[in-house]
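Here the structure is laid out as structure tokens; the discussion comes afterwards.
The values are calculated or read from the model by the stated rules, or taken from the named source; none is laboratory data. Model, not experiment: these values are computed from the prediction. Cβ sites come from the backbone with ideal geometry, for glycine too, and all protein chains shown count toward neighbours.
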Amino acid sequence: MLQLSNIHKTFYPNTPDEREALVDINQSLKPGDFVSIIGSNGAGKSTLLNTLAGTIIPDEGDVWVDGKNVTTFPEQKRASMIGRVFQDPMSGTAPRMTIEENMMISLGRTKKRSLFKGINKQVKQDFQSHLARLEIGLENRLNTKVGLLSGGERQALSLLMATFTEPKILLLDEHTAALDPSKEELILKLTRDLVEQHQLTTVMVTHQMEQAIDFGNKLWMMDEGKIIFEAEGEGKSELTVADLLQNFQNLRGKNMASDKALLV
Ligand SMILES: Nc1ncnc2c1ncn2[C@@H]1O[C@H](COP(=O)(O)OP(=O)(O)O)[C@@H](O)[C@H]1O
Ligand SMILES: [Mg+2]
């Protein structure tokens, strides 16, 4: 479903600010794989997701999605293949548009223009049944402007919009980090449900190691642009937070947590 070969990305090359954000990334995911990514601040996690989404084109290497080489495809050209949720609940939806209009935009990204007939009764019912699955009452608020929703509600809607069109790959970039704990719980539960429902191949960056252990069949640990440790299947489910911290310390000779504290 996803293949990354020899991916390199350097920001500001040949200047004093040169930063190797991705160094020789080689990975692949099968349909339905779910990888959780952890790592220090500035490790390259978001840059990796950006190269999958097409917001960043790598300097070297290839990105394949579902058998198609999309390396040079700009973001819009891969939008139908990729669903994405960001950390900021405000960034995934358009505040001055209604829930219905926002969902229509997601749908429009994935359907050929010629097939795109606008909002009819069937589409409306379809939106409502998707919204009902969130179990937070949004199915009764199709005409509410999204700017009036709470952060948790907006993030739930972003997650729905990123998944109900059944993309090839779902990208989650610390999508619960800005929420308070009860809302974080809700969004994590919805993540699990929606990924399961649509059998989505998922790449999730998280700042919480427990989450990385709990979610997905694979785990990648990143530092300084590299994937320094990976685990999958049983090897992954047996991991503890202490193991992850120890692994990081052993491999890098520094502490992941203090590294983060220094940079925050
Ligand atoms: N658009 C950009 N322009 C310049 N430098 C960037 C850009 N995006 C990321 N970087 C740099 O690349 C490195 C990796 O960043 P990022 O992928 O955001 O890390 P993470 O998400 O793991 O915290 C950092 O040093 C960051 O400053
Ligand atoms: Mg990031």
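At a glance:
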| quantity | calculated |
| --- | --- |
| Enumeration of residues in segment 36-57 that are near ligand 2 (Cβ under 10 Å from one of its atoms) and under 12 Å from the mean Cα position of the chain (by Cα) | ILE37, LYS45, SER46, THR47, LEU48, LEU49, ASN50 |
| Within segment 204-222, considering residues that are buried (at least 21 other Cβ atoms within 10 Å of the Cβ) and within 12 Å of ligand 1 (Cβ to nearest atom), the one nearest to ASN41 (Cα to Cα) | MET222 |
| Scope segment 176-193; condition in contact (Cβ under 8 Å) with a residue 60 or more places away in the chain and within 13 Å of the chain's Cα centre (by Cα); matching residues | ALA177 |
| Test: residue in segment 158-178 that is within 16 Å of ligand 2 (Cβ to nearest atom) and surrounded by fewer than 19 Cβ atoms within 10 Å (Cβ to Cβ) | yes |
| Filter result for THR201 (more than 16 Å from ligand 2 (Cβ to nearest atom) and β-branched (Val, Ile, Thr)) | yes |
| Residues of segment 22-52 classified as modelled with pLDDT of 95 or more, in contact with a helix residue (DSSP H, G or I) (Cβ under 8 Å, 6 or more places away or on another chain) and surrounded by fewer than 23 Cβ atoms within 10 Å (Cβ to Cβ), total | 1 |
